[in-house]
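Note sheet for the following structure.
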């Protein structure tokens, strides 16, 4: 939410005696600077103006009410959006116009509303502290920290002499941004900012807001906050309520590729519940004539990147048609190269939000079903779906611990990712043999610690010996303190899996034989990328057989056990050579014609 201004009244009981007087003085100056009694008794704010985000420009209008309600309407280029929160819930629209519940039930918006009004301290349970002064813009500012429950913080930069507000440093879910306010004017006795600039680590995420008009204590009709009916963006062929079973390619047993069409052009799309927006590869979009515009930020596993937007995309899977989809357009060539499979289209949350998706991994079949009248199979176990940003989450117990939420991600081709916040708080890596791996995702490549967890438990079902990534904290999509990690397809595919987002549920049917199957695991220590007729070594894992044998980055492999690397390599049994049993000897031929033996072994 934009336009988050700042606190006013402090409960001195929440302060330590040593700093209470100083903090009380600072807050008193701030309240006086904002307008004194007029600011303290303000009941609502109504403002409208213009906004710029990345390469897009548009308009906004928003209402904030003292009781915790918020409503915001906006346009950015061709995208229209709406968002509302009440004291109990919150909803928003995605880029394709679908209605989604806010990930935190609207708590983030409610905190923003609290920070815009005086009082309400007891209701929200905030605590306050005075940090060391900081220098910004050539001046020294007092810094007041506001903390609600959890780890998020809101630091207010106030001029010690006058109480003037420079801005607010916001840290939410381990990501920090700074909101700077300017062009302050008196409106009905209250000092209000007409300019707001928000900056973070991704330059494409910077946004600027200029207010054209503000009303204080304007009416806030109840209908503003009512959740609208969800627009239907899908349809089945006449008379049908399902696609029936569609065969899919289960590439490397860890990626789902489904035959489809986009704007009547044939394509194999990747199904990815972790994608908050459907994504088109920029090169593919150009080849099929899909036009895109604007520049918007995106956070991927590899870090920060940018995307353009392509509206009115139509996707068909069997008898299912998805209409009016707004897709992000990103260069996916590096991700596809690392995976070893072309990646022209990633189908994300839009298809999950409104449909039942039934995935039978044992037969490589998938069906999309109308949620109306759906009933789960009798032997299915229900798992409640939570929310985390654009992800859904499920409870997972790690090595017998209390169940914690993990992001549910069919696009993650690794079994499990544990985020650094949970890893460090539980000391999961203590006394565990670990190494490094090189991954790739939107935003680029990244290195991550890897180790093997003894077990996880989902819906009462224990799964043993899981190769797990433990990335360090970074500005990317695998860093959070609201969920413990990300659970991927090699774990989820051990069940017949039915996603039921309309009812906030996941249905699992276990297969004991599949559950007991060992996970695929690299035993070489070589991370490679295929380039035409060879494998280029991108990384040599510490402590691995490859490192012990003297391998170096940049080496080029042209054959494995005498079989040449060619166009048929990706997805073939040969491509799994590094996952053979410990003790297997593999003969690798290098580009200069020499051969080297590598004995595979577990190294983490």
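When the strands (runs of 3 or more DSSP E) confined to region 67-119 are screened for residues that are surrounded by fewer than 17 Cβ atoms within 10 Å (Cβ to Cβ) and on the phi < 0 side of the Ramachandran plot, those reaching at least 1 such residues are found at 70-76, 79-85, 99-101. Of the strands (runs of 3 or more DSSP E) entirely within region 169-220, those holding at least 3 residues that are exposed (fewer than 14 other Cβ atoms within 10 Å of the Cβ) occupy 175-187. Scanning for something part of a strand (DSSP E or B) and more than 29 Å from residue 150 (Cα to Cα), does region 485-495 turn up at least one residue? Yes, there is a match, as at least one residue in region 485-495 is part of a strand (DSSP E or B) and more than 29 Å from residue 150 (Cα to Cα).
Between 518, 471, 542, the distinction of being under 29 Å from residue 429 (Cα atoms) and buried (at least 20 other Cβ atoms within 10 Å of the Cβ) belongs to 471 only.
Residues in region 247-282 that are closer than 18 Å to residue 328 by Cα and without any contact (Cβ under 8 Å) to a residue 60 or more places away in the chain: 261, 263, 265, 282. Of all residues in region 298-338, those that are assigned to a strand (DSSP E or B) and at positive phi total 3. Taken over region 143-168, the criterion of being crowded, with 16+ Cβ neighbours inside 10 Å, in contact with a helix residue (DSSP H, G or I) (Cβ under 7 Å, 6 or more places away or on another chain), in a loop (DSSP other than H, G, I, E, B) and at negative phi is satisfied by 148, 164. When you check residue 111 against the structure, is it modelled with pLDDT under 95, within 27 Å of residue 232 (Cβ to Cβ) and assigned by TED's automatic domain parsing to the domain that holds residue 180, yes or no? So residue 111 fails the test.
This table checks each residue for (1) in the same structural domain as residue 448 (by TED's automatic domain parsing); (2) under 21 Å from residue 251 (Cβ atoms); (3) in a loop (DSSP other than H, G, I, E, B).
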{"residue": "535", "(1), (2), (3)": "no, yes, no"}
{"residue": "543", "(1), (2), (3)": "no, no, yes"}
{"residue": "552", "(1), (2), (3)": "no, no, yes"}
{"residue": "559", "(1), (2), (3)": "no, no, no"}
{"residue": "574", "(1), (2), (3)": "no, yes, no"}
{"residue": "604", "(1), (2), (3)": "no, no, yes"}
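Looking at region 256-276, which of the residues that are buried (at least 19 other Cβ atoms within 10 Å of the Cβ) and at pLDDT below 95 is farthest from residue 496 (Cα to Cα)? Selected residue: 276. Within region 346-354, is even one residue surrounded by fewer than 18 Cβ atoms within 10 Å (Cβ to Cβ) and not in a loop (DSSP other than H, G, I, E, B)? No, region 346-354 contains no residue that is surrounded by fewer than 18 Cβ atoms within 10 Å (Cβ to Cβ) and not in a loop (DSSP other than H, G, I, E, B). Of the strands (runs of 3 or more DSSP E) entirely within region 387-450, those holding at least 2 residues that are more than 17 Å from the chain's Cα centre (by Cα) occupy 391-398, 435-441.
The values are calculated or read from the model by the stated rules, or taken from the named source; none is laboratory data. Bear in mind the structure is a predicted one, so any value in this text is a computation, not a measurement. Every residue, glycine among them, receives a Cβ derived from its backbone with ideal geometry; neighbour counts consider all protein chains shown.
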